[in-house]
Amino acid sequence: MKGVAMEGVRETAPKTDRCGGCAIRGVAICTSLTEGDRHALRAMGQPRHYGAGDTIFGEDERFGFLANVVSGVVKLSKTLPDGRQQIIGVEFAGDFLGRIYRDRTSFRAEAVTPVHLCCYPRARFEALVAATRGLEERLFRDALDELDSAREWMVLLGRQSAREKVARFLQMIARRNAGGCGPALGARFELPLSRADMADFLGLTVETVSRQMTRLKTEGLIRISNNRIIEVEDVGDLEAAAGGWAA
């Protein structure tokens, strides 16, 4: 696809029954469709696989697809005029990647882990949106949810302490690894971002992130193994450390 970074991408031949066992079937945009509309979406879908570190698309690039994240973690970032990078979002399984009605990207998308996408050609997808009320409403609700999340993140970056920011980030990852509903008690997961990326995302220094991770560990709120595996005994305690926010 012209204008889309394709290095490291593996495309899989379409299979008519591939959606039957889809891990995100209950949380992706497909849930808003009738069976007939799901069939239309399935017919245009094309699986793509990216390795960790691969660019899915670059900033201000012409691109022709939108996608559901089926598995893996995608980092979204923008480059400042002086060359510094700012991470503006992290997407997980079930999230929708891209923006309808715009043919150029406003950010860079990079696979943090191995990523599996279900991609839809932009023009055909936008035609389906125009003809399908359920899909249009789902995308509108998702856009409003993103706006609410962005406003909450403004509060976090501007008003919360370093400890609260790191705890909030870990709580968010725990929730997303539990399928979006949040674990009832404990959680175990691998950090998808490096300490440097966490610092960028949270508006902190790498040293501050490391200190706060150690502090949360010393307080017994988390356990850390192999530098990236995090165990949380009680997510409620982590929520309290994050200022009482439910991620």
What pairs can you find where one residue is in the range 215-244 and free of Cβ contacts under 8 Å to residues at least 24 places away in the same chain, the other is surrounded by 15 or more Cβ atoms within 10 Å (Cβ to Cβ) and in a loop (DSSP other than H, G, I, E, B), and their Cβ atoms are less than 6 Å apart, with a gap of 6+ or different chains? Asp237/Leu221
Taking the range 101-123 and keeping only residues that are surrounded by fewer than 15 Cβ atoms within 10 Å (Cβ to Cβ) and either part of a helix (DSSP H, G or I) or touching a helix residue (DSSP H, G or I) at 6+ places or on another chain (Cβ under 6 Å) (or both), one is left with Ala123
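Matching residues to (1) β-branched (Val, Ile, Thr); (2) touching a residue at least 12 places away in the same chain (Cβ under 8 Å); (3) closer than 23 Å to Gln86 by Cβ:
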| site | (1), (2), (3) |
| --- | --- |
| Thr113 | yes, yes, yes |
| His116 | no, yes, no |
| Leu128 | no, yes, no |
| Glu164 | no, yes, yes |
| Met172 | no, yes, yes |
Residues that are closer than 27 Å to Met154 by Cβ and open to solvent by 60 Å² or more (accessible area, probe 1.4 Å), drawn from the range 220-238: Asp237
Among the residues of the range 67-96, which ones are over 16 Å from Pro192 (Cα atoms), in a strand (DSSP E or B) and not small (Gly, Ala, Ser)? Asn68, Lys78, Thr79, Gln85, Gln86, Phe96
Test for Ala167: is it surrounded by fewer than 20 Cβ atoms within 10 Å (Cβ to Cβ) and either out of contact with any helix residue (DSSP H, G or I) (no Cβ under 8 Å at 6 or more places or on another chain) or at pLDDT 80 or above (or both): no
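The values are calculated or read from the model by the stated rules, or taken from the named source; none is laboratory data. From a predicted model like this one, the values you see are computed outputs, not experimental measurements. So basically every Cβ, Gly included, is an ideal-geometry build from the backbone, and we count neighbours across all protein chains shown. Just the protein is used for accessible areas: all its heavy atoms, side chains included, with ligands, DNA and RNA removed. Shrake-Rupley method; radii C 1.70, N 1.55, O 1.52, S 1.80 Å.
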